[in-house]
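The values are calculated or read from the model by the stated rules, or taken from the named source; none is laboratory data. In this text the structure is predicted, and so the values were computed from the model without any measurement. Here the Cβ is made from the backbone with ideal geometry for all residues, glycine too, and neighbour counts use every protein chain on show. Surface areas here come from the heavy atoms of the whole protein model, side chains and all, with no ligands, DNA or RNA. Shrake-Rupley method; radii C 1.70, N 1.55, O 1.52, S 1.80 Å.
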Amino acid sequence: MSDLLIKTSWIIAAVPLISALLIILFFNFSRKISAFLSIGAVAYGLIHSILILYLSYKDPHHVLEINYPWISAGTFKLFVGYLVDPLCAMMLVVVCAVSFFVQIYTHGYMKEDPNYSKFYAYLSLFTFSMLGLVFSTNLFQSYIFWELVGVCSYLLIGFWWYKPSAANACTKAFIVNRIGDAGLLIGLLILYFSTQNLWQDKITLSFNELKNVLDTALRWDILPVVGIISITTIALFVFLGPMAKSAQFPLHVWLPDAMEGPTPISALIHAATMVAAGVYLIARSYPLYELSPIAMNTVAWVGGITAIFAATIALSQFDIKRALAYSTCSQLGYMVMALGLGAYSAGLFHLMTHAFFKAMLFLCSGSVIVACHHEQDMRHMGGLKKFMPITSLTCLIGVLAISGFPFMSGFWSKDMILAVAWEHNKPLFVIGSLTAMLTAFYMFRLYFMTFSGEYRGHAHPHETTLAITVPLISLAIPSIFIGLIGSPLIPGGDKFSSFISYGEHHAHHEWGLNVFIKEFLTIQGMIPFFAFLIGTTLAWLVYRKNLGLNTFIKNRLSVFYKLSFNKWYIDEVYFWGLNKLILPFYKFSWSIIDKVIVDGVFVNGSARVVSIVGGGLRYIETGRGQLYVLVIFSSVFFAILFLLSKGG
Amino acid sequence: MEFLMNFYLHHALSILLIVPLLGALIIAFLPDKEPICRILSLIFSLDILLQAFLIIFSKFDPGLTALQYVENYRWFGDTIRIKLAVDGLSITMVLLMAILLPVTIIASEPIAKSKPKLYYSLLMILTTSVMGVFVAQDLFLFFLLWELELVPMYFLIAVWGGLNKEYAALKFLIYTFIAGACMFAAVLLLFFSSGANTFDMEVLSQYAKSLPHFYQMFCFVLFFLCFIIKLPSFPFHTWLPDAHVEAPTPISMLLAGILLKMGGYGIYRICVGFFPNILVELALWIAVLAVVNIIGAAVACLVQDDMKRVIAYSSISHMGFVLLGVASLTAAGFSGGIFQMFSHGLISAALFMLVGTLYERTHTRQISDYGGMTKYMPKCFYLFTLASMANLALPALSGFVGESLVFYGAFSSDFFGNFPTRFHFNFGQICVLFSALGVILTAGYMLWLLQRVFMGPENLKWSKLTDLRTSELVVLVSLLVLVILYGVYPVSLSELYEPSSTALVESVGKIIGKS
């Protein structure tokens, strides 16, 4: 029975695809059927994947991998298939759970949209692509689904295509991701090219064989660690993919703009699942990074810089969704940093906890936006606690979870990352702690501006419908408790790290309340907690007690304020480069080459030459047929004569 | 019955060529009414599709590298014969033509309103000549059919084209004529210098390999010039955007869909098949040319304001992958090049159809006149999105397969391994790195086009427009379903040509091994 369940796990991905196709082809006339198909598909997936997680947890060493050939040319073969191991099982549950709740929420959020059915079709399509990515057995298959989730994201960001901002955002998102994808593709090409002999009678670029192949390549001196064609180069090229997908600096620019899409997809795609795919890919291709200290350091620093960079921007944003988007960027930075520091389990643990609380926070923001009649500016909110008790409570839970309030899910995962940073890289620990402080500040700022004080808008806010509040409450529960599985409080200690780990297996963990207190009362345990306290208190002082810190910074340190408010002018720099340098250069070179040189000189020039020559030839061209025939025959004759003499 | 079947199988290819001619003749005697002519030619084209399937599924053995369905008739004495045969490479191209033809005829409805008899007859003659090029195994016949294609194409552009049609048609004629002249010179030179006293391509290809180096080089260059004018490739590409802009939609579909592939086919059949020595010598230059095409045309796409020009330049860019695949001299590269030809045939036809439907309704091709078209033409938008995604090589759509195979082939090519550079990457790898930039540019221009035409605030000017008609939907859906099919399950196409292309690679491999 259990074997059968694991063997048929591909159905989890297939069902959303089928439901998407059914909706697109047959049922787009009926809202009820579309919603039922789409939600039903992911509900099935959720149940099945929970069973798989349970089975996988019981026996983590039972790994199933099945492959089918996709194309071959000569010795070059590519495969697609599915792989079920602990990491995959964990991701399956995260994706299905978040997708399930978001799809229920969608019914409440999109019920007035004329393209309701289409939205469900896209959501199902996305769920399929994301699950396909999770199931991937090899890097190549990952690349396929990697692009497919990108397209779904493109379609969903551009769902309200008539808004120019949405139209710009979806194009931008796809193109920035394409830059990453091109890097990823090059990385894969170099990797496969340099190790192609080692992949014979193996699944090309398979994750399970990656470590062996790289070790062999190193041992036989096929591939050096450092150099132009080396493991480091490959890892860095491959890293470009996750950098774009997980919105790491400097390819983060698409994520905040992606908030132009409907809120459910901001929660599902641009907070919980797709953006985490980058982290997932790094984890899957970990053998590559692990072998190269330079690549590991780069990953860690890119993550750390993104974390603090995005946090500084989030401080001053007024659009509730953009503030959350930058916080997503920042949290993704934590995960990437963790993987770069070698904290494999911690990074993935944060991925999981973040998926739940960030999805919930986005859904809260959506609920607020609906209640305020599509107002997204926090300056026109405030005092919503009175009107929307459920939303404000769940939002508070989310804010506490992300800021690292003790015992909430974000607390455990963030602490795990910072503890590793303390051991391996003190500067990154400082950056991480600072980010934690900023996170607490801007998250409470968001909460206070939205829910406390007096209402400053002109709409008539009201609590939203059950379809919206039920998913909020459902996601609030894991947001509080899911972190406990990685804590030393439960019997047996940190269950997460013993389930999902890389390299050495932590079979045994210390556990108990005293272990927790002992760990908490160290410097690396206290600093993040104080960071949380300081951030929260500052936010409370500024936004509840009207401490004039804001105006002080705005007036006295306007440079910093402007930098933060204008997102460090990164977009401006990019667009300046694009519009002032690249496009004019293209236009110039195209008109020179095609219009002037090829068409002007070559084509029209040769026409002129012909007409001049023609003028001269008038004397030879008598128009008498005999002469032509004579000329043709004599030339053919001489040609044959010449050739015969050569041959003879 | 069995006798009939046998008779058919022994004469399958000649029947394949005669049927369209017969169609042209019958149409000439029909009343000058568009629906009648269209339905008749549609019946003929479906018959051709059926024949193509019959040929593939009855006796064709893709595992065999030798020529199949051979027919050999005397024509001008023993020297010039009518020899028809197919191998995996030819049959793939025949299949593409057979798929595109009915689709094009359905799409012709609004265009052929004036002079329908002439239009459909010319289309049928075009079919014969294009099919003929792919199945001819006699070099003289090959040349004749190659030239024959010019006549209907010239008239199809010059009579049913846009405002500037005479200029475009003439430019097309002159370029292609020069190409033909190059080929004629090469054919004669090859014939006389080999002394084989036959135009049989199988025989000539053996003779050609043992010719003196100078003759080989000369023939190769002439043939190659002819084919890259057709492909087209820089610096002989400027006829294509002009021709596309002026040609009516169905003719653009055929032009991009199959006529350009004649160039690619010629390179595989003659440049690779006859002169592998020279190919090996010049492969580096061809790779450079390919990269210039891939990047240059993509750059040109970004700065166009005419939708048809964007798609036309995008064709140039995508045909660059065929050149890169050939230049890589690897199995994956060759296979990728053929796959790319096939898949680009489908995708570019779909894109030209989409642009055509817009143009038919708005009578403008300027991108800046559009905006927010989704409001009025949602179906068009979805299909355009799908076709754009296929064009930018999204995985699981057919464009991806060809490009990734070519990338891999050029990257891992042993031959390019002989040309290291100072940057540690060998020459081919640097070409691939540059071409990978083309992938980003392609995404850029396709999505930018999509955005400027279909997204943004709606334009009230177009509020009276109607969405796609059923006939247009049939055309687009049948093309795009194939794009998805071959993208998800590429083996179904590649198994058809794989042995032939592997055999070609092996013959080239021997040369590299010797040198």
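Brief remarks on what is shown
- Odd one out for A:Asn546 among (1) in a loop (DSSP other than H, G, I, E, B); (2) within 27 Å of the chain's Cα centre (by Cα); (3) not aliphatic (A, V, I, L, M): (2)
- Scanning the stretch B:129-149 for residues that are open to solvent by 10 Å² or more (accessible area, probe 1.4 Å), under 19 Å from the mean Cα position of the chain (by Cα) and under 22 Å from B:Leu22 (Cβ atoms) gives B:Leu144, B:Leu145, B:Glu147, B:Leu148.
- Residue pairs whose Cβ atoms lie under 6 Å apart, sitting 6 or more positions apart in sequence or on different chains, and linking a residue in the stretch B:327-351 that is open to solvent by 10 Å² or more (accessible area, probe 1.4 Å) to a partner that is assigned to a helix (DSSP H, G or I), are B:Leu329/B:Ala283; B:Leu329/B:Phe415; B:Leu329/B:Val508; B:Thr330/B:Gly409; B:Ala331/B:Thr502; B:Ala331/B:Val505.
- Per the conditions (1) farther than 25 Å from B:Glu166 by Cβ; (2) open to solvent by less than 10 Å² (accessible area, probe 1.4 Å); (3) not assigned by TED's automatic domain parsing to the domain that holds B:Ser315, the sole criterion not satisfied by B:Ser205 is (2).
- Against the conditions (1) at pLDDT 90 or above; (2) more than 30 Å from B:Leu188 (Cα to Cα); (3) under 24 Å from the mean Cα position of the chain (by Cα), B:Leu22 satisfies every one except (3).
Residues checked against (1) within 11 Å of chain B (Cβ to nearest Cβ); (2) within 18 Å of A:Gly241 (Cβ to Cβ):
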| position | (1), (2) |
| --- | --- |
| A:Thr171 | yes, no |
| A:Arg178 | yes, yes |
| A:Leu185 | yes, yes |
| A:Lys202 | no, no |
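- Counted residues, the stretch A:424-469 - those being among the small types (Gly, Ala, Ser) and either within 25 Å of A:His350 (Cα to Cα) or touching a Cys at 6+ places or on another chain (Cβ under 6 Å) (or both): 6
- Whichever residue in the stretch B:450-474 is part of a helix (DSSP H, G or I) and at the interface with chain A (Cβ under 8 Å from one of its Cβ atoms) and, among such residues, is nearest to A:Ala166 (Cα to Cα): B:Gln451
- Residue check, B:Val221 open to solvent by less than 20 Å² (accessible area, probe 1.4 Å) and outside the structural domain of B:Ile338 (by TED's automatic domain parsing): no
- Among residues of the stretch A:222-235 that are farther than 14 Å from A:Pro287 by Cβ, those with a Cβ under 6 angstrom from a residue that is in a loop (DSSP other than H, G, I, E, B) and open to solvent by 10 Å² or more (accessible area, probe 1.4 Å), sequence gap 6+ or separate chain, pair up as A:Ile228/B:His424; A:Ile229/B:His424; A:Ser230/A:Pro224.
- The lone criterion from (1) closer than 30 Å to B:Phe275 by Cα; (2) open to solvent by less than 40 Å² (accessible area, probe 1.4 Å) left unmet by B:Ser108 is number (1).
- Here the condition is being closer than 30 Å to B:Pro110 by Cβ, modelled with pLDDT under 85 and not charged (D, E, K, R); of B:Ser412, B:Ser478, B:Ser463, B:Ser471, it holds for B:Ser463 alone.
- Residues of the stretch B:298-307 classified as in a helix (DSSP H, G or I) and open to solvent by 10 Å² or more (accessible area, probe 1.4 Å), total: 2
- In a residue-by-residue description of the stretch B:478-501, the property of being buried (at least 24 other Cβ atoms within 10 Å of the Cβ), touching an Asp or Glu at 6+ places or on another chain (Cβ under 9 Å) and in the same structural domain as B:Leu279 (by TED's automatic domain parsing) applies to at least one position.
- Taken together, the residues in the stretch B:20-41 that are in a helix (DSSP H, G or I) and surrounded by fewer than 19 Cβ atoms within 10 Å (Cβ to Cβ) amount to 9.
- Candidates A:Asn208, A:Asn197 - the one that is over 17 Å from A:Met296 (Cα atoms) and away from every other protein chain (no Cβ under 14 Å): A:Asn208
- Test: residue in the stretch B:58-81 that is part of a helix (DSSP H, G or I) and in contact with a Leu (Cβ under 8 Å, 6 or more places away or on another chain): yes
- In this structure, A:Tyr116 does not qualify as away from every other protein chain (no Cβ under 13 Å), more than 22 Å from the chain's Cα centre (by Cα), at negative phi and surrounded by 23 or more Cβ atoms within 10 Å (Cβ to Cβ).
Results for (1) within 30 Å of A:Trp199 (Cβ to Cβ); (2) among the charged types (D, E, K, R); (3) not in a helix (DSSP H, G or I), shown as yes or no for each residue.
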| position | (1), (2), (3) |
| --- | --- |
| A:Leu78 | yes, no, yes |
| A:Tyr82 | yes, no, yes |
| A:Met90 | yes, no, no |
| A:Ile104 | no, no, no |
| A:Ser117 | no, no, no |
| A:Leu125 | no, no, no |
| A:Ser129 | yes, no, no |
| A:Ser153 | no, no, no |
| A:Leu156 | no, no, no |
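- Every test in (1) closer than 26 Å to B:Leu289 by Cα; (2) surrounded by fewer than 18 Cβ atoms within 10 Å (Cβ to Cβ) is passed by B:Thr176 save one, and that test is (2).
- Qualifying residue in the stretch A:49-61 (condition: open to solvent by less than 20 Å² (accessible area, probe 1.4 Å), at pLDDT below 90 and assigned to a helix (DSSP H, G or I)): yes
- Residue in the stretch B:246-267 that is in a loop (DSSP other than H, G, I, E, B) and either within 17 Å of the chain's Cα centre (by Cα) or within 14 Å of chain A (Cβ to nearest Cβ) (or both) present: yes
- Looking across A:Ile157, A:Ile186, A:Ile179, one residue alone is open to solvent by 10 Å² or more (accessible area, probe 1.4 Å) and under 19 Å from B:Met389 (Cβ atoms). It is A:Ile179.
- Scanning the stretch B:215-245 for residues that are assigned to a helix (DSSP H, G or I) and among the aromatic types (Phe, Trp, Tyr), we see that the one that is nearest to A:Ile593 (Cα to Cα) is B:Trp239.
- A:Ser285 vs. criteria surrounded by fewer than 24 Cβ atoms within 10 Å (Cβ to Cβ) and among the small types (Gly, Ala, Ser): no
- Among the residues listed as B:Tyr359, B:Tyr445, B:Tyr370, the single one being open to solvent by 10 Å² or more (accessible area, probe 1.4 Å) and either within 24 Å of the chain's Cα centre (by Cα) or not assigned by TED's automatic domain parsing to the domain that holds B:Gly296 (or both): B:Tyr359
Condition check ((1) open to solvent by less than 10 Å² (accessible area, probe 1.4 Å); (2) closer than 23 Å to A:Gly241 by Cα) across all residues:
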position: A:Val302; (1), (2): no, yes
position: A:Ala310; (1), (2): yes, yes
position: A:Thr328; (1), (2): yes, yes
position: A:Gln331; (1), (2): yes, yes
position: A:Met335; (1), (2): yes, yes
position: A:His354; (1), (2): yes, yes
position: A:Thr391; (1), (2): yes, no
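- Checking each residue in the stretch A:140-159 for being touching a strand residue (DSSP E or B) at 6+ places or on another chain (Cβ under 8 Å) and more than 8 Å from every other protein chain (Cβ to nearest Cβ) picks out A:Phe140, A:Gln141.
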